[in-house]
Amino acid sequence: MERTKFQLDESQIPSTWYNIAADLPGAPLAPALNPATGEPLTRDEMGATMPEPIIDQELSTERDIEIPEPVRQLYAQWRPSPLYRARRLEQALGTPAKIYYKYEGVAPSGSHKPNTGIPQAYYNKQAGKTGLITETGAGQWGSATALSAALFGLTAKVFMVKVSFQQKPYRRALMESYGAECVPSPSPETAVGRAILAKHPDSPGSLGIATSEALETAATDPSLGYVLGSAANHVLLHQTVIGQEALLQMELAGDYPDVIVGCSGGGSNLAGLTFPFIGAQLRGGPAVRVLAVEPAACPTLTRGSIAYDYADTGRLGPLFRMHTLGHEFMPPPVHAGGLRAHGIGPLVSRAVEDKLIEPIAVGQTGCFEAGVQFARTEGILPAPESTHAIRGAIDEALKCKAEGIGRTILFGLSGHGHFDLVAYDKYFAGTLEDDVVNEEALDLAAASIPRLDGTTS
């Protein structure tokens, strides 16, 4: 029994991005705040790090936003990405469920990240920037930034979380192959990095620290455009090409998902797959159950508070209302580096508040177990981040087996794991452990969440 592929042609690449802000019920999304004044960010303040078209997208409540033709042309290098029915996995599980997955690993850099990297590079090039600066966790976003910069003739510099820099040397090599400079974070290159190293010389780093270093560097060089790979409204917007294609592909399959599962870190892959389906539901379409699967070692949605907090450890950026563990949270060095984020995109957070998304937390070894089973049945080695979605999908399929109910499950396979073999090697050797978050560390990090009067909670 083989997997079944549902493929669209280039003419069916979406011509617009979908903006869920147009369909969310209730009050508008809470604005980002200037940390100095506590007032909503103005367009001029946002312009310090964003070109005008991205500011428009960040603030927009329009449902459909046009994709520039040069971006669509570059998307066509690998889009539309395939959707498969995982028949061999279904058979191995003995489940009556039907399992589909949308595979983003066909992108040149191996994950969903170029879906936003390319438009951000395009808009920064249009704004006259000559280089891009950013941060990355596992390296998927850094690789996408390096690729996107190369495609538009821009330089790229990437601050990579140090533990991932050490765990994933081939991600660094890929970035350098595209022409980017990759720096382990925290680094001695910035005031933020030097301060962290002075207190914690062996710091493994975090996405919040790397973000601060990138923002500090961008502030000192106006030729650089700061780009980010997750959480922001415009980033989640760009990723909706995934879900829009999946809607058409599920129609080709003559099916529709009852359950959609995505891995959850900053929220871009999760939103990209699920927001178009959630939007269809909000406009009177079929109901879907959406699961956001995050690491138990970094339980942003399941253990975090909903509050205004910084996206970066150095507190250089604005305050966002979101689920957060506190900007000083230092997650354990789990191999799913792209999910080691203390906060999540405000739009995802809002969807969780509105009961449109259900968060669950899972352990690292169970995810790798699911990833190996998937590789041995479907033939694709998944990234550690993607194994979280696979774990969630398998668990849902096993529930269907126990209940004797044949639901349709769709999950996002956000990238391949070809650069993550060190982690799989540890799994096979039995040395990969389930990192459990320290309760004292959670409490200390929660205390760093600021109050709007400038004090901490």
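A short reminder: the numbers here are calculations on the coordinates, not readings from a lab. Computed from a predicted model, the values in this text were never measured in an experiment. As a convention, Cβ positions derive from the backbone with ideal geometry for all residues, glycine included, and neighbour counts pool all protein chains shown.
Overview of results
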quantity	calculated
Intensity falloff of the range 194-244 expressed as log10 I(q)/I(0), Debye formula with alpha-carbon point scatterers, at q = 0.14 Å⁻¹	-0.54
Phi-based couplings in Hz for the range 38-44 (Karplus 6.51, -1.76, 1.60; Gly and Pro marked x)	x, 9, x, 4, 8, 4, 4
The range 283-336 - Debye-derived log10 I(q)/I(0), Cα point model, q = 0.17, 0.30 Å⁻¹	-0.66, -1.21
Amide proton proximity set for I99, modelled H, under 5 Å, gap of 5+	A86, I409
Pair I306, R289: separation of 7 Å Cα→Cβ label points (nm)	2.2
Kirkwood Rh and Cα Rg combined as Rg over Rh, evaluated for the range 349-395	1.09
Residue-by-residue Karplus 3J(HN,Hα) for the range 243-252, coefficients 6.51, -1.76, 1.60, Hz, glycine and proline x	x, 5, 5, 4, 4, 5, 6, 5, 5, 4
Out-of-range pairs (alpha-carbon distance over 24 Å; input K102/K125; K113/K401; K102/K399)	K102/K125; K113/K401
Amide H partners (placed H, <5 Å) of R289, local residues excluded	V259, I260
Part-to-part distance (alpha-carbon centres) for the range 221-249 and the range 132-169, which is given in Å	16
5 Å binning of all Cα-Cα separations within the range 206-286, expressed as whole percents from 0 upward	3, 13, 19, 19, 14, 10, 8, 7, 5, 3, 0
Per-residue HN-Hα couplings for the range 175-184 [Karplus 6.51, -1.76, 1.60; θ = phi - 60°; Hz; x = Gly/Pro]	4, 5, 4, 7, x, 8, 9, 10, 10, x
Volume per residue that the Cα convex hull of the range 321-457 spans, once the total is divided by residue count, Å³	142
E181 versus R451: modelled label distance in nm, points set 7 Å from Cα along the beta carbon direction	4.3
Length released on extending from T4 to A127, taking residue separation times 0.36 nm less the Cα-Cα span	39.9 nm
Long-range amide H partners of V362 with built H, under 5 Å	E294, A296
Size of charge dipole - the chain - debye, nearest 20, with Cβ of Lys, Arg +1 and Asp, Glu -1, no other charges	820
Proxy reagent accessibility, fewest Cβ within 10 Å first, across M46, M175, M160	M46, M175, M160
Value of Rg/Rh across the chain [Cα atoms, Kirkwood radius]	0.94
Solution diffusion estimate, µm²/s, Stokes-Einstein, the range 378-457, Kirkwood Rh from C-alpha pairs, 10 °C, viscosity 1.306 mPa s	97
Computed over the chain: relative contact order in percent, which uses C-alpha pairs under 8 Å that are six or more apart	19
Spatial separation of Cα centroids for the range 311-389 and the range 272-306, in angstrom	12
0 to 90° range, to nearest 10: angle between helix 384-403 axis and the chain longest Cα axis	40
Calculated [θ] (222 nm, deg cm²/dmol) that DSSP helices of n ≥ 4 give over the chain, each run adding -39,500 (n - 2.57)	-12000 deg cm²/dmol
Counted charge near L432, where neighbours are those whose Cβ lies closer than 11 Å (Asp, Glu -1; Lys, Arg +1)	-4
